[in-house]
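Structure first, then comments.
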Amino acid sequence: MKLRHWLLIVAGIPGGLFVPLSYGLFAGLALLLGYVACHPPRWAGLQRAFAYLFGGLCTGAGLQVLAGYGVRGHLLSMIIAPVVLWLATAVIFSLLRDRYSLTSAPGCGAVTQPANSGSGYGGHRITWQFHDNSNAWWDEPSHGDLVFSNRCAFQNVGPSVKIADDGRYAVMSLSSRNGGTLLVDFERHLAYALSASDLPWEIDAINDGRIHSTVSSLSGTEPVSLDIDHLIAEQPAIPLVEDDGWWLLDDAQREPLPRHDAVSVGSSGGRHTLIFVPDRRPLRDNPFLRFDPPSYALLVDSYLLDIETRHTSACWIDSAEHEGRFLVIGERLFDLMPDGVFAPAAARELPLTSADEFPHASLGEMRAGGPGMLLAEVALLQRSVAHDRAESCQESSTYPWDEEEVDYRDADGQPQRRMRTRIERHALYRIDLAACFKGGEQRLATVIELKNRAHPDYRAELFPLPGYGPATPYAPYRCATSCGVDPGPVLGEFIWSHCGRYLALVIAEPPPAVPGTIRIVDFATATWRDLPGHYPLPGFLWFTADELDFTFLRGICETRYEGPGNFTERCLLVDDPALTETPHDLLFAGIAARRQALAAACRDAGGHASVLRIVRHGMLFAPDFARPVEQGSEENA
């Protein structure tokens, strides 16, 4: 403390020592009210004066109590009473200081934890909270969201923060590897991006409009004092704009903060209502969390469903007898009248998924298609492939671009490049919800319409047939075509040619065989033909009258890791004459047991293992479509 601070304390002691305690109480209350009333940052000195006078007043009052009990000979009270008085006034002052202090206090923020790191602007101590969004595995600089208690918030900044003693300025590190800092003027709501050469980060204090820093060199350290006005004179100012009560940087990439209001969805006649109620509590501390959907609680006619969701898509579907019997929320189906009486508490629930594991479909828009009928738009995903080699081990699907420039190898194996359009494959699920809940299986209650984007007059639909069991990721369907051709039992995998005339299907074969015959239906001539060759479980990528781009399964690859540099790999192919298993057991029925056995064997040795299916990528070309040309780089093709 400085000499003037001691003089203020000494000036307050006589008021507490010689003035009656009742008057001293009112004097202390007046000093505290003056302390709280100091609002602008420029009154920080006056606020400190009130604080030191209050401290002297309390000291004098304690001495008066001590002397009073001492004269009466109450030695124990002479010790206890002033200590209690001083502790009580210290607690009261500490509570007010934490909320209204304009003077700096030690401390720093922590990741996702609030902590005092500076004095307040606007009559309150400024605190800040840093939410780390960096990924340590990617070796990227620490960055995240920085939120101040004065409702100013910043994205993609570093965790280092320094606040001025008067609360007007704050300096925070930027997240880029080149360094730099962001200087914020809370009073004028402006920010300035400074480079590392403009402002070294070793900041000791910010007061009186200057930044006191330390520059380190080989010869030692040197203190530096920089004038803030001079520092920002030639820097472009970035304004802070108010958005729903928060002050944010007004840069070109800024998007308005989403509001996430409650959403209500009524049934067709308005008899029933579903309300999505957002949980805004996690959004109070960080406005940038609003860019992710919050968790919604669901109310059906004021009844709280025991589920939560982060999406507000829902669809009411009437039955022939009841309004609002079925409810679709996201990828969940609900029967709200299992016994013919509207009872959300007793609702039955089923998941809404892709009809088959292969091909996998992504669900899109859903709507009512009549009494008890749900229409769901779907997009088929492609089997993932490696672009640099013909064979790879893949266990995933990819959502393709609808228009893409593709490198491929032609019928002579020469590299080519071509723009492809209308790559996406779309279908429409027509789900009979009553049959779905009665049988408990969605696939058997689903009719799939194969959308022809190029020639809508040529149509095809798939009607479900009994499946092959849970160990088989595909199931058979009966295909009905507008040209009258019956291609026989097929799988759900399909692709229309780019001109819309031809439809490629995969003929279903029951286990232990694996489907591998590709059948092409010509809608113009109402005929079909089978392509030569057998390709286990083919997946289509692109189809024209002259070429078919597809993938198929070759076998499995077992990999054992039993220590650094010690791993073995074994490939089992379905066309290997020495293979003792059936292709279906190798690829599907026995792969789970194989993975468990191999993982257990490697675990005993302190390693791990993997078993993946081998995928081959090839293209068939007109006129015979007989010999697949392997795709990939030249050295691997």
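Read-outs throughout are calculated quantities, based only on the coordinates presented, and are distinct from any laboratory measurement. None of these values were measured; they are calculated from a predicted model. Using ideal geometry, Cβ is built from the backbone for each residue, glycine included, and neighbour counts are taken over all protein chains shown.
Per-residue counts of other Cβ atoms within 10 Å, averaged by peptide: what ranking do you get for 414-422, 328-336, 309-317, highest first? It would help to have the intermediate numbers written out before the result.
Details: 414-422: 11.6, 328-336: 20.3, 309-317: 17.9.
For the peptides 414-422, 328-336, 309-317, the packing ranking is 328-336, 309-317, 414-422.
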Where a ≥ b ≥ c are root eigenvalues of the Cα gyration tensor, a/c under 1.5 meaning rounded, otherwise prolate if a/b exceeds b/c and oblate otherwise, region 585-637 counts as oblate
Options [x] 207; [y] 301; [z] 269 - which one matches volume of the Cα convex hull per residue in Å³ as calculated here
[y]
Net charge of Cβ neighbours under 9 Å - reference Gly269; Lys, Arg +1; Asp, Glu -1:
-1
Rough spin-label spacing in nm, given labels placed 7 Å along Cα→Cβ, for Glu234 and Glu630
6.3 nm
FRET efficiency for Ser302 and Leu428, Cβ-Cβ distance as r, R0 = 51 Å, nearest 0.05?
0.90
Distance (nanometres) between label positions extended 7 Å along Cα→Cβ at Asp279 and His5
4.6 nm
Calculate how steeply helix 3-18 sits against the longest principal axis of the alpha-carbon atoms of the chain, using the helix alpha-carbon long axis, and give the answer as 0 to 90 degrees to the nearest 10.
60 degrees
Using a Förster distance of 35 Å, how high is the FRET efficiency between Ala592 and Glu562, based on the Cβ-Cβ distance and rounded to 0.05?
0.95
What angle, in degrees between 0 and 90 and rounded to the nearest 10, separates the Cα long axis of helix 591-604 from the longest principal axis of the Cα atoms of the chain?
50 degrees
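What does the extension gain come out to for Ala343 and Arg99, with contour length at 0.36 nm per residue minus their alpha carbon separation? Numbers along the way, then the final one.
On the way: separation 244, 0.36 × 244 = 87.84 nm, distance 5.07 nm.
Length gained between Ala343 and Arg99: 82.8 nm.
What ranking do 146-158, 452-464 get when scored by the average of other Cβ atoms within 10 Å per residue, highest first? Walk me through the numbers on the way to the answer.
Values: 146-158: 21.1, 452-464: 16.2.
Those peptides, ordered most packed to least, come out 146-158, 452-464.
Rg/Rh for region 438-520: what does it come to with C-alpha atoms and Rh from Kirkwood? Mind dumping the intermediate values first?
On the way: Rg = 13.3 Å, Rh = 13.5 Å.
With Rh from the inverse mean 1/r over Cα pairs, Rg/Rh is 0.98.
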So what's the angle, to the nearest 10 degrees on a 0 to 90 scale, between helix 21-37 and the longest Cα principal axis of the chain?
40 degrees
On a straight-distance basis, which aspartates and glutamates could pair with Lys162 in a cross-link, Cα separation under 19 angstrom, same-chain partners fewer than 8 positions away excluded?
Asp98, Asp132, Asp145, Asp185, Glu187, Asp198, Glu202, Asp204, Asp208, Asp227, Asp229
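Quote the relative contact order of the chain in percent (integer), defining contacts as alpha-carbon pairs under 8 Å separated by 6+ residues.
Details: 1370 pairs, mean separation 37.6, N = 637.
Relative contact order for the chain comes out at 6 percent.
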